Amino acid sequence: MGWSELRAVPNDYDEEIHAVDTQLIELLNHRKALAKGRRCFPPKEVMKEFEEKFDLKPPYLNWLFHSINGGFHRTRSDGPGELQGILQIMKTTVQEGYQYRITHAMQHEHGSIVHIEIRPLKIDNDSPDFHPRLQLEITSSNEEYNVQRSGARGGGGASSMSFLVEPRLPEQLDTVNFALIPFEEPMEFRRRETFLDQEVHFE
């Protein structure tokens, strides 16, 4: 079947939504012109104001402004390139009963893949499962970094996350600051799942 034979996906787009989208595009273009290529992120007190005024959660607000600042549009189509080495980071902090550790970064040709481990300080049979809704934030006086989640997994009372960082992190991290901020995509695409639940025998 050729491309011309594909049918449009049915949706509920109407004139009212079209009018809202038009306003959104006009406002985004105006904001882009005012920003002049700078990363403009509201300070904490302004984020708190938005949270209370519009009844929006911090993860949603962080996703929104990350998107507006172009956080999802700069990744190279060919990936970070060849693996060239491993950068030890080993930064650890404890907050509200959980330990957060940035272990290392896989240094690729065009970017870094930063790995983070999260685990509760106490684990017992009644410990609840936890799901991190967090985004890695990297700031530096020398460089502006684009960060995207590249993977996550959990189990055994621990969770690990990885983030693709572009451009690549420097070997010396004296001017680089790491933080985790609340983050959740409100309309996150859910991939189809395949459940492997059959017996498997090895000969």
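Every read-out reported here was derived from the displayed coordinates using simple, explicitly stated rules and does not represent laboratory data. Note that the structure is predicted; figures quoted are calculated from it, not measured. Ideal geometry is used to build each Cβ from the backbone, glycine not excepted, and the neighbour counts take in all protein chains shown.
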What FRET efficiency comes out for the pair residue 24/residue 179, r = Cβ-Cβ distance, R0 = 30 Å, nearest 0.05?
0.55
To make sure I understand the rule: partners must be lysines, Cα under 22 Å from the Cα of residue 32, and not fewer than 8 residues away in the same chain. Which ones qualify?
44
Binning at 5 Å from 0, report for the stretch 17-70 what percent of all alpha-carbon pair distances ends up in each bin.
4, 18, 22, 23, 24, 9, 1
Which FRET efficiency value, to the nearest 0.05, is calculated for residue 12 and residue 55 with the Förster distance at 30 angstrom and r the Cβ-Cβ distance?
0.80
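Kirkwood Rh, Cα Rg: Rg to Rh for the stretch 83-182? Walk me through the numbers before you get to the answer.
On the way: Rg = 14.1 Å, Rh = 14.2 Å.
For the stretch 83-182, the value is 0.99.
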Once you place label points 7 Å from the Cα toward the Cβ at residue 98 and residue 117, how far apart are they in nm?
1.6 nm
